[in-house]
Amino acid sequence: MPANSPLDRRKFFGSAAAMSLSAAGYANVPGSNDRVRVGFLGCGGRAQAHIDLINRFARDGKAVAPVAVCDVWDGDAELGNKKGRGLYPSAKRCGISDDKKHVSKNYLTILEQKDVDVVCIATPDHWHARMAIDAMHAGKDVYMEKPMTRTIAEAIAVVDKAQKTNRVVTVGVQSMADPTWRAAHEYIAAGNIGKVMQGQTSYFRNSSVGQWRYYPLTKEMIYLAVSISNQCDYCVASHIAGARSKGMTDEQLKELIAVVGFANANNRIVAGYQVEIDERFKP
Ligand SMILES: NC(=O)c1ccc[n+]([C@@H]2O[C@H](COP(=O)([O-])OP(=O)(O)OC[C@H]3O[C@@H](n4cnc5c(N)ncnc54)[C@H](O)[C@@H]3O)[C@@H](O)[C@H]2O)c1
C-alpha cells in the first residue's frame, strides 16, 4: 500500500483485530485497492493461523499479500499437521523463496524492506514491545499478539510510539474486539448503572505445562477439584487416586491444584466484600 493512502489501511487495521477478520469483513474495507503487504515476525504455532488467513484473502483476490517472514528457528515441516512451523516452512507457505531480505532470522532486516506495510508479531511475549516499537519506527503498521506486552511500562511505550508515529496498532485479543465491550463501556460511561464502585478481574497463567491445557479434563479431575475446594483430605486422596488411574500426570495434578487454589483465594477475597446498596435499588 503506497504511503499516500494511509486512511484505507487505518480503516482496515484499526477496525478490528485485522488478522481475525472474516473474508466477508475484509471485502467491506472501503477503498482497499492496493495490496496490504504483510511481514510475519515469529512463525510458530499462532502465526500459522495468520498465514492461513492472509493466504486465503490473497487467493480470494483480496488486496493483501504475505511478503516476508522472520523466525530465528529454521523450522520443522512436520509440525502442525504437516503445515510446518518456523522460518523455511512458513516462507514456503507464503510462496517466498530464496530471498534473504524477505526470509530472515533478523526482524530488523524485514523492517528495512519498503515493500512491507504491516507486520504481524507472533513471537514470544518478551519480544512484543521491542518489535512493535521498532516496526513503527520503521514506518510499519502493527498487528501484535496478545499479551500486548509484559509490563505496563512497555505498554505505555508502545502507545506512546503509536501516537508519535501515527501508526495503526491492533492487539490480537479477538474477543476484546467484539463491539459488545465498547457498547458496555459507553453504557457505563453514560452513567446508566450509576457510580461504579468495584470492578473485578483475574488472571492466571503460571503453568509449568504451557499456555494451554492440551489434555482433556476427566470427570475424576473435576471431582478432585471439588474436593480440594471442600478441603476434605480423604476425598482429595481418593480422587487423586481415581484421577491418576484415568491418566492424570504429576504435572496436571500440580496445575489443577494451582488453578483451584487461585480460584478459591480469589473467592475468599471477594466474599464478604460489601458495597453499599444504592438508594434506588433498596426495596
Ligand atoms: N490471540 C490468540 O488467541 C493467541 C493464541 C496463541 C498464542 N498467542 C500469542 O502468540 C505469541 C506466539 O505464540 P505461539 O504459540 O505461536 O508460540 P511459538 O513458540 O509456537 O512461536 C513463537 C515463534 O517465535 C520465534 N521467535 C522467538 N524469538 C524470535 C525472534 N527474536 N525473532 C523472530 N522469531 C522469534 C520462535 O522461534 C517461534 O517459532 C505469544 O505471545 C502468544 O501469547 C495468541
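Scanning the range 139-150 for any residue that is over 15 Å from ASP117 (Cβ atoms) and of a type in the set (Lys, Arg) turns up at least one such residue.
Within the range 82-95, the set of residues being away from the ligand (no atom under 14 Å from the Cβ) and surrounded by 18 or more Cβ atoms within 10 Å (Cβ to Cβ) comprises just one member, CYS94.
I'd like the residue in the range 215-251 that is closer than 18 Å to ALA263 by Cβ and assigned to a loop (DSSP other than H, G, I, E, B) and, out of all such residues, is modelled with the lowest pLDDT. Ranking the qualifying residues of the range 215-251, first place goes to GLN231. Among the residues making up the range 99-133, those that are within 11 Å of the ligand (Cβ to nearest atom) and over 17 Å from the mean Cα position of the chain (by Cα) are SER104, LYS105, ASN106, TYR107, LEU108, THR109, ILE110.
Within the range 137-172, the residues that satisfy the criterion of being within 13 Å of the ligand (Cβ to nearest atom) and touching a residue at least 40 places away in the same chain (Cβ under 8 Å) are TYR143, GLU145, THR170, VAL171, GLY172.
The values are calculated or read from the model by the stated rules, or taken from the named source; none is laboratory data. Since this is a predicted model, take the numbers as computed values, not measurements. When we count neighbours, we look across all protein chains shown, and the Cβ atoms used for this are built from the backbone with ideal geometry, even at glycine.
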